[in-house]
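Report on the following structure.
The values are calculated or read from the model by the stated rules, or taken from the named source; none is laboratory data. Remember, predicted model here, so these are calculated numbers, not experimental data. Accessible surface is based on the protein model in full, side chains and every heavy atom, while ligands, DNA and RNA are left aside. Shrake-Rupley method; radii C 1.70, N 1.55, O 1.52, S 1.80 Å.
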Amino acid sequence: MSDTENGSGPVIRDRRRLDPETGKVREAYGVTDDAQPGEHPEADEVPEGVVPDAVADPEAGAAETAPPAGDAALEALAAERLEDLQRLQAEFVNYRRRVERDRDVARDTAVASVLEALLPVLDDVHLARQHGDLEGGPFAAIAEKLENVLGRFGLARYGEPGEAFDPVVHEALIHTQAELAEGTTETTVVQILQPGYRAGDRVLRAARVAVADPS
């Protein structure tokens, strides 16, 4: 009579050397301290279907000490991102400097435009002062305040007789004969027909002058 007919069913025996739940060697496969090699050959045998850890993954021990293969790729990616960040930072610094420079240029240009528009008014004030029309009175105080305010923006009047003629800042309207100081060796301004104005290093209007050559 078969096992099935007896009602007992098939018998399954677990002969695995390692307990699948605890991972420890079962007592049936244990070796005592005083056992001699060869006395328990079954201790060295591996049950069918069970693969020891060392055989299943021979590189497992090396993997614990060697760095992961992806570290080099991560370091290269981090270096690339750092380089991108440094490049973006340099571009931002250059952009900020360019914006500040353009802003200063725009401001100076705007101030120069306003000052140039006021030059005819300053010419009238200058002529009135030369003719004595600003000696006392409220208009003299207004003219002085106007010149002081414009001076805060760098406006300055220039041009005096006796200066050496400089075509960069002078515009010669008359070439005449005149007595120059002894020892003069270059063309000299002898009369200011209209004063020049500059804002900082920028010439707003060249001084219009009469010049004479040394004899």
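For the set 174, 192, 142, the ranking by accessible area, highest first and with no ligand, DNA or RNA atoms included, is 142, 174, 192 under a 1.4 Å probe. Only protein heavy atoms count here; under a 1.4 Å probe, residue 24 has an accessible surface of about 140 Å².
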